[in-house]
Every structure is written in structure tokens, then in C-alpha cells.
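**Student:** What follows is a single structure, and I will ask about it in a moment.
Throughout, read-outs are computed from the coordinates displayed, never taken from laboratory work. Please read all numbers here as calculations on a predicted model, not as lab measurements. Neighbour counts run over all protein chains shown; Cβ positions are idealised from the backbone, glycine included.
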Amino acid sequence: MQVGFIGLGGMGSGMAANLFKAGHALTVYNRTPAKSEALVAEGATLAKTPSEAARGDVVITMLADDAAVEGVVFGADGVLAGLKPGSIHISMSTISVALAERLASAHQAAGQRFVAAPVFGRPEAAAAGELFIVAAGELKTVQTCQLLFDALGQRTFVIADEPPKANLVKLSGNFLIASVIETLGEAFALVGKAGIDRARYLDILTNTLFAAPVYKTYGAIIAKEHYAPPGFKARLGFKDIHLALGAAEALQVPMPVASLLRDRFLTLLATGAGDLDWSALAALASRDAGEPSSLSAAK
């Protein structure tokens, strides 16, 4: 397939590379052109604008937030202007439900097709082609995209005809991950202040009650306090909890734990730790317990 890929950050660079390895003709665009150099050296085509990247069969966006997606899609020389009627925009970014609704409407009005397909997985999973993809959109369109999803992830979950529902699932998942990080941090602070070895404690947790990957992945990061370099920045975690609360308000669903997490992330950002991994949220619990804080050393 003729595929455009926009956004070559920590996640997007590995994803785009996997599409190229799978044999798709790849055109790439990134706001910072230097991030495109490795793929262009391998044979990918460099687009000068998002519009140029969107002239094939499919264009994929993998960007940090709503503002970045809005700029790339609706801006001058954007995706909306370059995408041919009948071609597909796959939004794999973690964005608000409201923006997903706006994208779906705009592409429909232009005679274009739209699929929301946010992912679960950190950059190492993206590079290995082991992401989990949550897809929503017209079934025929999603099926057309499946060949691409197969190159990017280990499993695709198709959940609805309405694209914004995939974004709601993604935001709810990130809320749950943040909840795990906060509670792990509190538990580590409790046993750590009692002098219990953190690595041994993690071994007990992940081999008894909490063997799920999220506990193993984030438990290991928290136990070792390896918050840099970030796999997912704390400021983006704050953004996602904010978006989850916005979706909850629209649906009139109280989420008191999400409200607490918003304030915890805001506290973390206030310490200047916004560019650390979002699992640095756990360090707040140790600091609050009067233990030496790893935040200053990690920044």
C-alpha cells in the first residue's frame, strides 16, 4: 500500500520502520526533518508537508496531543487538503473524544474515510511490532487497514463503527495504568520506609497476586527508580487524565480517582518533572512519606 506516516517521535519512528519493513511504500513527514533521515536513507520518501504525506492510499498520524493533530490535519497544507476522496486517515494518537468526533465529521464531509486506532504499548513494543491496537470505524474500512495493523501490532481489537469510541477506550485504559502507577508508588513507599527490599517486594507482587504485564513493567521501573529516559512523558500522562475527565463529564460519569490522579500529575509537573517518565508519579509517594526523593536526581 502507499502509506504516509506523520509523527516520528518515540512511538512513531518504530511504527513507521515496521511498515517499511513489511514492504509498504512509505512517505514520511515530521515537524523536525532530522527525525526522518534514517527512514529516508533506507528508501522512504520525505514529504515537505502533511498534505504531501497524505496523497497515497492511507495516511497515519501518531502525534502527541490534540493541538498537534489539529495542526497537521486542519492546517494549511494539511491532511484534509491532501487526502484523496476514498482514501483513509488512521489516527493512532491518544486524543480527545471530541477531536475524534470532529475528525470523523470532517473526513466524511470531504468524501474521505477515517479510522481511530490508538495503541497500548511503550516505544519498545512499537519498535518490535508488538502493540495492541484498538480500532473503530466503518467495518470495511477497518478491514482494509488490517494489513497495516498486522505490521504494527500483535493484536487488533475492533470495537465499534464510531471512531471516537476507540479513543474513549484508550483514555480509559491510560486512566487505569495511571491508577496502577499511583497505587504501586504508595505501596512501595510503605514497605520501603519499613526497610523492605523493593526488588524482593516486586518479586512477591508479580509472582502472586499481580502477574499482569502492567504491574511487571511499571513495578520494575518504580523499584529501580528509572524514570529517565521516558517511555511516556509525565506531561502526556497529565494530558490523558485531563481528556478522560473531559469525556467523563460529557457522559455525566463521576471519576473521583481520575480527579485525584489529575492533581497528582499536576503536583509532579509543578516539581519540574514533566519530562520524566509518567511512572515518576510513584516518586511523589516516597517524597510524601519523608523518604529521600528520586525526582531531583532523575531530572
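**Student:** Applying 1/(1 + (r/R0)^6) with R0 = 22 Å to the Cβ-Cβ distance of Ser105 and Val253, what FRET efficiency is obtained, to the nearest 0.05?
**Tutor:** Here the calculated transfer efficiency is 0.40.
**Student:** Suppose every K and R has +1 on its Cβ and every D and E has -1 on its Cβ; what is the size of the dipole of segment 183-296 about the Cα centre, in Debye to the nearest 20?
**Tutor:** That gives segment 183-296 a dipole magnitude of about 100 debye.
**Student:** If R₀ is 41 angstrom, what is the calculated FRET efficiency for the pair Glu124 and Leu147, using the beta carbon separation as r and rounding to 0.05?
**Tutor:** 0.95
**Student:** Among the listed pairs Lys48/Lys165; Lys140/Lys216; Lys170/Lys233, which are separated by more than 26 Å between their Cα atoms?
**Tutor:** Details: Lys48/Lys165 32 Å; Lys140/Lys216 37 Å; Lys170/Lys233 17 Å.
Table pairs above 26 Å Cα-Cα are Lys48/Lys165; Lys140/Lys216.
**Student:** Which is farthest toward the positive dipole end of the chain among Gly12, Ile95, Leu261, measuring Cα position about the Cα centre, with Cβ charges +1 (Lys, Arg) and -1 (Asp, Glu)?
**Tutor:** It is Gly12, whose Cα lies furthest towards the positive end.
**Student:** Where a ≥ b ≥ c are the square roots of the eigenvalues of the C-alpha gyration tensor, would you call segment 2-162 rounded, which needs a/c under 1.5, or, failing that, prolate if a/b is larger than b/c, or oblate?
**Tutor:** Since a/c stays below 1.5, the shape of segment 2-162 is classed as rounded.
**Student:** Right, another one. Hey, with R₀ at 30 Å, roughly what FRET efficiency would Glu70 and Arg200 work out to, going by the Cβ-Cβ distance, to 0.05?
**Tutor:** 0.05
**Student:** Assuming 1.306 mPa s and 10 °C, estimate D for segment 170-246 with Stokes-Einstein, Rh taken as the Kirkwood radius over Cα pairs, in µm²/s.
**Tutor:** After rounding, the answer is 120 µm²/s.
**Student:** Now for a separate question. With point charges of +1 on the Cβ of Lys and Arg and -1 on the Cβ of Asp and Glu, referenced to the Cα centre of the chain, which listed residue (Thr49, Thr61, Gln146) lies farthest in the positive direction of the dipole?
**Tutor:** The residue sitting most towards the positive pole is Thr49.
**Student:** Oh, and also: Mind ranking 74-82, 26-34 by how tightly packed they are, going by the mean number of other C-beta atoms within 10 angstrom, highest first?
**Tutor:** In descending order of packing, they fall as 26-34, 74-82.
**Student:** Could you give the dipole magnitude of the chain about its Cα centre, charging the beta-carbon of Lys and Arg +1 and that of Asp and Glu -1, in debye to the nearest 20?
**Tutor:** So the magnitude is around 180 debye.
**Student:** How far apart, in nm, are two points set 7 Å out from the Cα along the Cα-to-Cβ line at His242 and at Asp161?
**Tutor:** Between His242 and Asp161, the simple spin-label model gives 3.5 nm.
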